[in-house]
Number of protein chains: 2
Amino acid sequence: MKTVAIVGVGLIGGSFGLALRRQGFEGEIIGVSSPPSISAGLSCGAITGSASLEEAAASADLIYLAQPVDRILRTIEQLSGILPPRVLVSDAGSTKETIVRKAAACLPSVDFLGGHPLAGKEQRGAQAAEANLFFGKPYVLTPVQPSSPAAADFRSWLTRIGVRIIEMSPEEHDATVAMTSHLPQLISTSLAVTLSREQNGRVSEIFGPGLTDMVRLAKSSSELWSPILRTNKPAVLTAIEAYSATLRDLQAALESDTLLEFFETGSVWARQVRGPTPGA
Amino acid sequence: MKTVAIVGVGLIGGSFGLALRRQGFEGEIIGVSSPPSISAGLSCGAITGSASLEEAAASADLIYLAQPVDRILRTIEQLSGILPPRVLVSDAGSTKETIVRKAAACLPSVDFLGGHPLAGKEQRGAQAAEANLFFGKPYVLTPVQPSSPAAADFRSWLTRIGVRIIEMSPEEHDATVAMTSHLPQLISTSLAVTLSREQNGRVSEIFGPGLTDMVRLAKSSSELWSPILRTNKPAVLTAIEAYSATLRDLQAALESDTLLEFFETGSVWARQVRGPTPGA
């Protein structure tokens, strides 16, 4: 792997570039992004130059798609027919089934490896990128083809960056993140929506740090989330259904004064979930 | 106000003692608590000595009840008939209607001022107490009697400590915190319970910082929360109902691909909620 093209130089793409550099990658890292993102990526050292998608496609060994899900789908279409042999394409999209299916349709003879780093933070953009953003975090890969030398090389860089590679099918990935990522987001957004509808004006005044924590995710960009949820609709609906069933159980527990067991179950599960590593 | 008795020297009681001291209170601060709590309160300087409830009741100008809601109710019963005139009793309980009603029944001729500082953090106990825990935070008072000189003196200390005093009726307080405090707690616990029921073992493995944030409150003590919810059941059930209705709207928005507006509403509300002050 000598030349890497990062398509979408934002928080994830920028952090990938910085992490490669920190681990001793000495090749070129070409950014394909909007002028402000290129400028942010160049100033933090995440990329070494910029190019159009066509130019990048012609010269890179790895094309790393770090855009929002809907833009990844469009980029895959744009790459159709213009990639030389032996290029590896990988992505960092938050859902996998639609993207992997699109790649199979548009790039049938291209080495495509779906991926999803479970990393992030509130800020966006390359200016928020960190070389250690992925360190210690799960990084899902959804290989559908036998591993190529290019894919093996990419995986060895991921290992050096310090991620925990976890292989699963695109379907299993999407069902899992519906529960662990999409549901928490929707719960937070729904809490903010519920409070926005309240006639009692005191709700914007009388609250503690618990509320601000629980609506933090609700501040997330709808442009980012709409395509994620659109490309994982059945699994997300299943997750909301499971959650609504839990709320009905909670109501019953509250009515019958048997809340202790309900709380205990939640508390045990929450305590076993390892918190994010410091700095994440 | 020359002698203060803090009943329950935990995070809230300890922080109240430290805050008084920081603001120049020079009187005695007597702790009424378990031996480990007294010892923690003495070593951090939140209290200057300890006594039984009866001894404290005989010598204090202010009795500050900083226990969990169910224990506050029990302490009010124990104080019945043993308080000299002109003592002020105030509390820091998370629900107000039951406590204020109990005080009216058990302490009919006593000056009782219900209160609730909207402050807290994950750790418990006097060892986690901070002089500035209440600083800049809302502090609800639910006066039901004309203000006495003792109550005016207590309020002036609260103002010096830097809280934002907000007066409301016990009923309005309980309806408001059902939405802004009890609902966020229950949403977090229900998320953890939902994930604990998942057959898909990957849910404990594939997640990002969003999930750990959203199940942080679920780690809270059920001993603390059961009495809070038990003493605010109708308002809490109303809050869960409102939230469940929002989830049904979310499902409809997801089915009809009209999520952008739903997200926008949540995002606008969440952004207008001021985050906790640093160090809180």
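Contact map, the stretch A:204-223: residues that are more than 18 Å from B:V163 (Cα to Cα) paired with residues that are among the aromatic types (F, W, Y) and not in a helix (DSSP H, G or I), Cβ distance under 8 Å, separation 6+ or inter-chain. No pairs are found. If you go through the stretch B:161-172 and keep only what is in a helix (DSSP H, G or I) and more than 7 Å from every other protein chain (Cβ to nearest Cβ), you end up with B:I161, B:P170, B:E171.
Entry remark, the stretch A:177-215: residues being facing another protein chain (nearest Cβ under 7 Å), at pLDDT below 95 and in a loop (DSSP other than H, G, I, E, B) number 6 in total.
Can you give me the number of residues within the stretch A:8-28 that are outside any helix (DSSP H, G or I) and within 21 Å of the chain's Cα centre (by Cα)?
The total comes to 3.
The residue of the stretch B:224-239 that is nearest to A:L191 (Cα to Cα), among those that are out of contact with any Pro (no Cβ under 7 Å at 6 or more places or on another chain) and more than 7 Å from chain A (Cβ to nearest Cβ), is B:A239. In the set B:R74, B:R160, B:R86, B:R101, only one residue is surrounded by fewer than 17 Cβ atoms within 10 Å (Cβ to Cβ) and under 19 Å from B:Q23 (Cβ atoms); that residue is B:R160. For the stretch B:234-248, a residue qualifies if it is buried (at least 16 other Cβ atoms within 10 Å of the Cβ) and not aliphatic (A, V, I, L, M), and the qualifying residues are B:Y243, B:S244, B:T246.
Yes or no: A:S59 out of contact with any Leu (no Cβ under 8 Å at 6 or more places or on another chain) and without any contact (Cβ under 8 Å) to a residue 24 or more places away in the chain?
Working: out of contact with any Leu (no Cβ under 8 Å at 6 or more places or on another chain): yes; without any contact (Cβ under 8 Å) to a residue 24 or more places away in the chain: no.
No: the conditions fail for A:S59.
Checked against (1) of a type in the set (A, V, I, L, M, F, W, C); (2) over 20 Å from A:L191 (Cβ atoms); (3) facing chain B (nearest Cβ under 7 Å); (4) touching a residue at least 60 places away in the same chain (Cβ under 8 Å), A:A242 passes all but condition (2). Inspection of the stretch B:205-227 identifies no residue that is over 26 Å from A:T95 (Cβ atoms), β-branched (V, I, T) and in contact with a Gly (Cβ under 6 Å, 6 or more places away or on another chain). Regarding the stretch A:128-144, can at least one residue be identified that is part of a loop (DSSP other than H, G, I, E, B), touching a Gly at 6+ places or on another chain (Cβ under 6 Å) and farther than 22 Å from A:R164 by Cβ? The answer is no, given that none of the residues of the stretch A:128-144 is part of a loop (DSSP other than H, G, I, E, B), touching a Gly at 6+ places or on another chain (Cβ under 6 Å) and farther than 22 Å from A:R164 by Cβ.
In the stretch A:3-17, the condition of being of a type in the set (V, I, T) and over 18 Å from A:G125 (Cα atoms) is met by at least one residue. Based on what the data block shows, is B:S256 more than 7 Å from every other protein chain (Cβ to nearest Cβ) and either modelled with pLDDT under 95 or closer than 30 Å to B:G125 by Cβ (or both)? The answer is yes for B:S256.
Results for (1) closer than 30 Å to A:Q199 by Cα; (2) surrounded by fewer than 17 Cβ atoms within 10 Å (Cβ to Cβ), shown as yes or no for each residue.
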{"site": "B:A131", "(1), (2)": "no, no"}
{"site": "B:P146", "(1), (2)": "yes, yes"}
{"site": "B:A151", "(1), (2)": "no, no"}
{"site": "B:A175", "(1), (2)": "yes, no"}
{"site": "B:A192", "(1), (2)": "yes, no"}
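Any residue in the stretch A:157-172 that is under 20 Å from B:R202 (Cα atoms) sitting within a Cβ distance under 7 Å of a residue that is polar (S, T, N, Q) and exposed (fewer than 15 other Cβ atoms within 10 Å of the Cβ)? List the pairs, counting only those 6 or more apart or interchain. If the second residue must be polar (S, T, N, Q) and exposed (fewer than 15 other Cβ atoms within 10 Å of the Cβ), the pairs left are A:I165/A:T159. Looking for whichever is buried (at least 19 other Cβ atoms within 10 Å of the Cβ) and either among the small types (G, A, S) or not in a helix (DSSP H, G or I) (or both) here; the options are B:S94, B:S109. Which one fits? Among B:S94, B:S109, only B:S94 is buried (at least 19 other Cβ atoms within 10 Å of the Cβ) and either among the small types (G, A, S) or not in a helix (DSSP H, G or I) (or both).
The values are calculated or read from the model by the stated rules, or taken from the named source; none is laboratory data. Bear in mind that the values here come from a model prediction, so they are computed numbers and not experimental data. Glycine gets a Cβ as well: all are built from the backbone with ideal geometry, and neighbour counts include every protein chain shown.
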